[in-house]
Amino acid sequence: MLKIKIEARAKCRRHPGYDPEKDGLAGIRGGCIHCEVILALYDAALDFEQLTALVLAARAAIVVSNRRQTNPSNRYAAEPESPIAGSAHFRYRE
């Protein structure tokens with residue numbers, strides 16, 4: 001299990017009113033390097049949230065797929081024939 005918790009609060013001393021969510025790149029005044037770093041952090045946080053959502057969606061799809069495969073009513077329906085002919089006690093599993 002992977003747990004990540006990061007919280008960052010950043011504010012430019014020269015431009016304390018700069019908000020990367022509202023202002024974006026156009027809100028950076030005079031090419032301020034501090035505001036550019038704050039914007040880069042904001043963009044990285046958005047990318048991280050999107051990737052986390054993709055991982056969680058993929059995990060949910062795998063869980064649903066596994067539940068369908070282990071359904072007791074069709075548990076052995078898709079399995080190939082037993083390699084030991086005439087034996088009902090042995091089932092082939094990969």
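Nothing in this text is a laboratory measurement; each read-out follows from the coordinates by a stated rule. Just so you know, these numbers come straight off a predicted model, no measurement behind them. Don't worry about glycine lacking a Cβ; one is built from the backbone with ideal geometry, like all the others, and counts go over all protein chains shown.
Protection proxy ranking for 32-39, 18-25, using the average of other Cβ atoms within 10 Å per residue and placing the highest first: 32-39, 18-25. Going by neighbour counts of Cβ atoms within 10 Å, the residues Glu49, Glu7 line up, fewest first, as Glu7, Glu49. Panel order for Leu54, Leu41, Leu2, by other beta carbons found within 10 Å of each beta carbon, from fewest to most: Leu2, Leu54, Leu41.
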